[in-house]
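The block underneath contains the structure these notes are about, expressed in structure tokens.
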Amino acid sequence: VSRQLKEEIRRGFARLEDPLAGLLAMLESSSDWKGKGHSLGYCITTELQLWIKEHPAVPQSGTKLKKLQARVLRMLSQCPANLLDPLISIYQLHTADRNCLLEHVSHLYLQGNYKEAAIVSIKLKLQPDQDVEKMCTPLLLQDKANLVEDYVAEYPELQRKLLQTLDTWCDPSFNFRDITRPYQGLSKYKPEKFNRRVLSKLIFRLLERFNVDPVLCPNVINQRHLRTLNYLFYKRFVEKTMTEENWADHIQSTVGENRWLQGQLMQALLRHCGARGAARWARHCQLPPELLPRALAEELQELHIQDRAEEVTKVDNYEASKKKDYYQLPIPRENIHFVQTWEEMLQCWEKVLQPGQVVGVDMEWKPSFGMVAKPRVALLQLALRAEVFLLDLSRLLEQAEAEGQKEMLPHFIQMLYSDAAITKLGYGMSGDLSSLAATCSALKDMEKQMQGVVDLLAVDKQVDGLSPEHSYKQRGVRQPEKGLSLLVQHVLGKPLDKTEQLSNWEKRPLREEQILYAASDAYCLLEIYERLCKDPESFGLHSDLTESLVGKQSKKHRAKKQLNKQEPPSPSGQECQGPKRDPPHPPAPVSSQEFSVVCDSMLQGLGRYLRCLGVDVRLLDNKDDHRKAAEIAQQEGRVILTSGLPYQTLRSQVGEGRCFSVNCSEKAKEQALQVLEHFNVQVSLGDIFSRCQ
């Protein structure tokens, strides 16, 4: 608003005998203020709000103010959102008769103006005197879950009532017609957005946002646990990628003393194991005898000790096959140290924090199986050339807090990650660090201070070797390798044994299999790095491995380091974007309007960001196969943007330079800058938002 207009508005207020009544008369006689944006009515209203602060004698009271408040209330339902707060402030609606305000909101509700009724209630803080189910039901039917969240945001009691109501709706026997019947003919009703699946997601979001005890929502918790049970049965009896001990740990922690889940477990055991197997597991999981069918109870009585002998033989055979088929840790068992005390921690500290040290870093946490809680790191593995340290984080943090030294462990971890003279090797480090920050809040900004870090996830996009499908066919019955296991197979010849990956890492003591798995996961990073340093070109990498592994240097450490094959470098970058071929010259400049791409399903955020910059973008849906990107690229001449393993498959189906691998751990803005720089895309001011509706 121009200074001249503001001065004219203020002179007008000064001439009026009653500025508050004058503003209302102006708004009532004009429709200009009803539109979105900063109308003249909006400018005059906000200027009056400021003017009143400078002239405290202006606000009125008593009968005259009540009459003005009644007139304002009639206008609120037509108000754009930006006028609500100024009008409420100017006419002191918070001081108005509460019954009068509630009656006005009730009138809006009865007219079908549910959104407006909720917004006015929030602004005037009327929620404690309203029925939360009644107010929120039509909003949920209209897919206005965000407004529902705002409605209960400041009221813990209403949050609990809402969650209990939503959980009741998620009971399998509940009839949704009982909810929708009173709202026949509701405008903007979206039935496809109102079902148990959507409500379940909303409940978990609210539980997390408002930090409410999940025990308040037994229906959705039971259904989520049931899905976990089904997943565990699939991993154990269909994929066969989970050991019995590991599986039993998760089954028992999932089912607990819940009788309904115990019944579901019994049915699943009968489906997958037969009567004899179900009886054995019923005994192992300590299911109550009264839950068992008669035939199963009889089977349980006939179990003999022979079962145990057969099981031992199976385990022995399984262990022998593991040694033949999987990567084996090359250091003695006594060189794996389980660190639980500060004395042991200081010995670890002394060995790890040495200039020139190369450290393989990995972390383990208990799988959440889709539950609310964020994963908390239970074990931090640090692998050196001759030994591996397994840090029991929860025990060490407890001990440090008890001794009044809770900053010691975060201090050690920060020193390790910020020391450019120590090379830290990881795989998908961004996810590990976010879990570490959830475990210890003192580490939340550590990613900004990292130096000397090499994330081998980048190599997935570059190493020439077997595809997962090829690996699967070669090895027959097993599931295809993926992630770090696939990289270990490419570089070292055998995959990792991932049967302990989904272990309960919080249970103590850890089983021997868990200890060996955790040590192998960190140690294999050292062997991969050493092998790649010795002969990068044989794996399809740049002869200067720093170019392939590090890509861009961190802001604090930009000096380019040359690789000496006898002396591995200590690079300080993070994940890279694909092998660099040192093109003789950059591509010719292209405007964003002429640049067209198809974004793989995991890069929807990047696609939306590029579209805002004027780029012609097509996005794959989550359900689309990655190969659809190649079809679209071939038909429409688009560049493919993808990430991770799909890059290897997709780049072979389009022309050279027509497929680009993006770093998935970075935010959409950083990804977009990489794409624009790589393809020399020029964005003008006119391009920005040019494709947006």
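The values are calculated or read from the model by the stated rules, or taken from the named source; none is laboratory data. Note that the structure is predicted; figures quoted are calculated from it, not measured. When we count neighbours, we look across all protein chains shown, and the Cβ atoms used for this are built from the backbone with ideal geometry, even at glycine. Note: areas computed on protein heavy atoms with side chains; ligands, DNA, RNA excluded. Shrake-Rupley method; radii C 1.70, N 1.55, O 1.52, S 1.80 Å.
Straight-line cross-link partners of residue 324 among the aspartates and glutamates, defined as a Cα under 17 Å from its Cα and at least 8 positions apart when in the same chain: 316, 481, 497, 513.
For segment 590-682, the solvent-accessible area with a 1.4 angstrom probe is 47 square angstrom per residue.
Residue 115 label point, 7 Å along Cα→Cβ, cut-off 16 Å on backbone N: hits in segment 128-158? Only 136-151 fall inside the zone, counting backbone N under 16 Å. Coupling constants for segment 285-295 follow from the phi torsions by the Karplus curve (6.51 cos²θ - 1.76 cosθ + 1.60, θ = phi - 60°), and in residue order they are 8, 6, 6, x, x, 5, 7, 7, x, 4, 4 Hz; glycine and proline get x. For segment 160-168, the Karplus equation 6.51 cos²θ - 1.76 cosθ + 1.60, evaluated at θ = phi - 60°, returns couplings of 5, 4, 4, 4, 5, 5, 4, 5, 4 Hz by residue, with Gly and Pro reported as x. Rounded to the nearest whole angstrom, the semi-axes of the ellipsoid equivalent to segment 98-149, taken from the Cα gyration tensor as √(5λ), stand at 17, 12, 9, largest first. Accessible area per residue for segment 220-301, computed on protein heavy atoms with a 1.4 Å probe, is 50 Å².
Checking the a/c ratio against 1.5 first, then a/b against b/c, what shape does the Cα gyration tensor give for segment 43-128? Prolate, since a/c reaches 1.5 and a/b exceeds b/c. Spin-label pair residue 634-residue 653: with each label point 7 Å from Cα along the Cα-Cβ axis, the two points sit 0.8 nm from one another. Note on segment 51-153: dipole from Cβ charges, positive end direction compared against 109, 151, 80; the farthest Cα belongs to 80. If you filter segment 590-624 for trypsin sites (Lys or Arg not before Pro), then keep DSSP loop positions with at most 10 other Cβ within 10 Å, what is left? Hits after loop and neighbour filter: 623. Rounded to whole numbers, the Karplus 3J(HN,Hα) couplings from phi for segment 494-503 are 10, x, 6, 7, 9, 5, 9, 4, 8, 5 Hz, using 6.51 cos²θ - 1.76 cosθ + 1.60 with θ = phi - 60°, and x at Gly and Pro.
Rounded if a/c is under 1.5, else prolate if a/b is larger than b/c, else oblate: which is segment 115-194, with a ≥ b ≥ c the root eigenvalues of its Cα gyration tensor? Cα axes put segment 115-194 in the oblate bin. Count Lys and Arg as plus one, Asp and Glu as minus one, and take only other residues whose Cβ is under 9 Å from that of residue 389; the net charge is then -1.
Remark: C-alpha extents of segment 323-391 on the principal axes read 40, 37, 23 Å, sorted largest to smallest. Whenever you get a sec, compute what percent of the accessible area on segment 590-682 sits on carbon and sulfur atoms (1.4 Å probe). C and S fraction of accessible area: 45 percent. Classify segment 590-682 as rounded, prolate or oblate from the Cα gyration tensor: take a ≥ b ≥ c as the square roots of its eigenvalues, call it rounded if a/c is under 1.5, otherwise prolate when a/b beats b/c and oblate if not. Taking the square roots of the gyration eigenvalues as a ≥ b ≥ c, segment 590-682 is rounded. Each of 260, 238, 291 was scored by the projection of its Cα onto the charge dipole of segment 220-301, and the greatest displacement toward the positive side belongs to 238; charges sit on the C-beta of Lys, Arg, Asp and Glu. Charge tally around residue 6: other residues with Cβ under 13 Å, Lys/Arg +1 each, Asp/Glu -1 each, net -1.
The slack in the chain from residue 351 to residue 258, taken as 0.36 nm per residue of separation less the alpha-carbon distance, amounts to 28.8 nm. For segment 328-431, with all protein chains in place and a probe radius of 1.4 Å, 52% of the accessible heavy-atom surface sits on carbon or sulfur. Near the amide H of residue 339, within less than 5 Å, lie the amide hydrogens of 390, 391, 392, all on another chain or at least 5 residues away, with H placed in the peptide plane.
Near residue 180: Cβ cut-off under 15 Å, other residues only, Lys/Arg at +1 and Asp/Glu at -1. The net charge is +3. Cross-link list 115/667; 374/448; 161/235: which exceed 28 angstrom alpha carbon to alpha carbon? Correct reply: 115/667; 161/235. For segment 220-301, what log10 I(q)/I(0) values come out of the Debye formula at q = 0.11, 0.15, 0.17 1/Å, with one point per alpha carbon and no solvent? Debye output, listed in q order: -0.25, -0.48, -0.62.
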